[in-house]
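Asker: Quick one: the structure is below, questions incoming.
Bear in mind these aren't lab numbers, they're just calculated from the coordinates by the rules spelled out. Just so it is clear, the structure is predicted and the values come from calculations on it, not from any experiment. Ideal geometry is used to build each Cβ from the backbone, glycine not excepted, and the neighbour counts take in all protein chains shown.
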Amino acid sequence: MLTRFAPSPTGELHLGHAYSAVLAHDAARAAGGRFLLRIDDIDGSRSREDYVAAALADLAWLGLDWDGDPLRQSDRLSDYAAALDRLRAQGLVYPCFCTRADIAASLSAPHGPSGAIYPGTCRNLPAVERERRMADEPHCWRLDMARAAALAGELAWDEAGQGHRVADPAAHGDIVLARKDAPASYHLASTLDDAAMGITHVVRGADLVASTDVHRLLQALLGLPTPIYRHHALVCGPDGKRLAKRDAAASLKSLREAGIDGRRLAADLAVDRLPAGYSLQNP
Ligand code: GLU
């Protein structure tokens with residue numbers, strides 16, 4: 001069994017991250033497997049080295065040891081580009097020149113599991129116009145979801161302890177796979193990394209279950225294996241809302257600095273026991 005914890009160094013980790021890391025770590029250790037660490041630092045404008053260092057310190061404080069060197073998404077850009085090339089060669093992605101404002105202004109942009117569904121403005125641009133605009137307009141790359149979903153056919157994954165779950169990627173519409181400002185989206189990078197790392201069990205929050213619909217599709221299109229998934233309940237704060245990076249009181253750094261015993265906290269989280277005021281909830 002190979003599991004991983006994959007923090008984005010865009011803020012301090014909180015109790016929810018600790019819960020996720022403990023579950024992934026303990027699952028691997030209980031099975032005599034490996035627990036890997038990945039730094040999801042693809043977003044160059046928001047990622048910070050001091051958050052990377054803080055995350056490593058948090059894990060050490062919790063007593064969670066990882067195997068090997070942490071993998072960094074910023075070291076894997078050529079793999080992401082190669083995967084995008086493959087999808088491009090299959091005619092499954094297209095350049096999109098729309099701005100956020102263009103999309104927001106479109107009346108036909110209903111919401112899907114990952115935000116506004118792209119109305120498809122750039123999907124069928126004439127080749128000549130596409131070439132001309134690509135030369136001097138910033139653009140992202142979108143998946144032609146209808147084509148991709150039709151090509152892949154019916155898809156499912158195994159959810160630990162719950163059997164088969166049918167994937168519904170089409171509900172997301174034409175998602176972005178490479179951004180104007182980053183060479184791969186979360187969906188593309190995470191799917192490729194899990195495969196490259198040989199992850200057998202992805203343990204992550206239930207807030208990402210809809211993303212798994214998309215990841216399962218990308219696995220099918222790129223010929224990658226499908227891990228088993230465990231989407232766990234989310235840690236909520238005293239206000240009943242799930243924790244966010246801005247909730248300073250729940251940050252591991254603040255607990256660490258308040259003298260809390262990290263190993264004891266990890267042992268409690270492993271049996272779903274949370275500090276007073278916090279609770280686990282399924283979205
Ligand atoms: N880096 C992502 C996050 O911090 C997690 C990615 C994943 O577990 O797939 O939300």
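Asker: Using Cα centres only, tell me the gap between segment 1-31 and segment 103-145 in whole Å.
Answerer: 35 Å
Asker: Counting only residues 5 or more places away or on other chains, whose amide H sits under 5 Å from the amide H of residue 112 once H atoms are built in the peptide plane?
Answerer: Amide H neighbours of residue 112, under 5 Å, 5+ apart: 117.
Asker: With r as the distance between the Cβ atoms of residue 241 and residue 146 and R0 = 30 Å, compute the FRET efficiency 1/(1 + (r/R0)^6) and round to 0.05.
Answerer: 0.25
Asker: Residue by residue, what Karplus-based ³J(HN,Hα) values in Hz, rounded to whole numbers, does segment 133-150 have, using 6.51, -1.76 and 1.60 with θ = phi - 60° and x for Gly and Pro?
Answerer: Result, ordered by residue: 6, 4, 5, 9, 10, x, 8, 9, 10, 10, 7, 7, 4, 4, 5, 5, 5, 5 Hz.
Asker: Would you please name the trypsin sites (Lys or Arg not before Pro) within segment 83-129 that are DSSP coil residues with at most 16 other C-beta atoms within 10 Å of their C-beta? Please report the intermediate quantities before stating the final value.
Answerer: Details: sites: 86, 88, 100, 123; in loops: 123.
Loop-located and lightly packed - 123.
Asker: Oh, and also: Please identify the cysteines of the chain that lack any partner cysteine with a Cβ under 4.7 Å from their own Cβ.
Answerer: 98, 140, 236
Asker: Given points 7 Å out from each Cα along the Cα-Cβ axis, report the residue 128 to residue 207 separation in nanometres with one decimal.
Answerer: Distance between label points: 4.8 nm.
Asker: Please list 3J(HN,Hα) in residue order for segment 82-90, calculated via the Karplus relation 6.51 cos²θ - 1.76 cosθ + 1.60 where θ = phi - 60°; whole Hz, with x for glycine and proline.
Answerer: Once rounded to whole Hz, the list reads 5, 5, 4, 4, 5, 5, 5, 5, 8.
Asker: Please report the net charge: other residues with Cβ closer than 13 Å to the Cβ of residue 246, K and R +1, D and E -1. Display every interim value, and only then the final one.
Answerer: Values: positive: 241, 242, 245; negative: 12, 239, 247.
For residues surrounding residue 246, the net value is 0.
Asker: Give the long-range amide H neighbours of residue 160: residues separated by 5 or more places, or on another chain, with amide H under 5 Å away, using H modelled in the peptide plane at 1.01 Å from N.
Answerer: For residue 160, the qualifying residues are 229, 230, 231.
Asker: Could you please state, rounded to a whole Å, how far the C-alpha centre of segment 186-201 is from the C-alpha centre of segment 209-228?
Answerer: Between the Cα centres of segment 186-201 and segment 209-228 lies a distance of 9 Å.
Asker: Quick check on the chain: helices-only [θ] at 222 nm, where DSSP H runs of length 4 and up contribute -39,500 (n - 2.57) each and the sum goes over total residues. Nearest 500, please.
Answerer: Working: 10 runs with 108 residues, N = 283.
So the helix-based figure for the chain works out to -11500 deg cm²/dmol.
Asker: Something else now. Can you check what the net charge comes to around residue 149, using other residues whose Cβ is under 12 Å from the Cβ of residue 149 (Lys, Arg +1; Asp, Glu -1)?
Answerer: Details: positive: 147, 216; negative: 144, 154, 168, 174, 213.
Net local charge, residue 149 excluded: -3.
Asker: Using 7 Å Cα-to-Cβ label points, what is the residue 228/residue 156 separation (nm, one decimal)?
Answerer: Here the answer is 1.6 nm between the modelled labels.
Asker: So who's got an amide H within less than 5 Å of the one on residue 177, skipping anything under 5 residues away but keeping other chains? H placed 1.01 Å off N, in plane.
Answerer: For residue 177, whose amide H was placed from the backbone, the distant partners under 5 Å are 141, 142, 143.
Asker: Please tell me the relative contact order of the chain in percent, rounded to the nearest whole number, where contacts are Cα pairs under 8 Å and at least six residues apart. Intermediate values should be presented prior to the final figure.
Answerer: Working: 471 pairs, mean separation 68.7, N = 283.
Relative contact order, the chain: 24 percent.
Asker: Oh, and also: What are the trypsin sites (Lys or Arg not before Pro) within segment 187-283 that DSSP puts in a loop, where the Cβ has at most 12 other Cβ atoms within 10 Å? Display every interim value, and only then the final one.
Answerer: Values: sites: 204, 216, 230, 241, 242, 245, 246, 253, 256, 263, 264, 273; in loops: 241, 245, 246, 273.
When the trypsin sites (Lys or Arg not before Pro) of segment 187-283 are filtered for loop state and at most 12 Cβ neighbours within 10 Å, 241, 246, 273 remain.
Asker: Here's a follow-up. As a test, work out the antiparallel percent of DSSP beta bridges whose residues both lie in the chain, rounded to the nearest 5. Spell out each step's value before the answer.
Answerer: Values: 17 of 29 bridges.
Approximately 60 percent, going by the DSSP bridge assignments.
Asker: Under 22 Å Cα to Cα from residue 253, which lysines show up? Leave out anything in the same chain fewer than 8 places away.
Answerer: Result set, ordered by chain and number: 241, 245.
Asker: Determine the gain in length on full extension of the stretch residue 52-residue 10; use 0.36 nm per residue of separation and subtract their C-alpha separation, reporting nm with one decimal.
Answerer: Details: separation 42, 0.36 × 42 = 15.12 nm, distance 0.86 nm.
Separation in residues times 0.36 nm, less the Cα-Cα distance, equals 14.3 nm.
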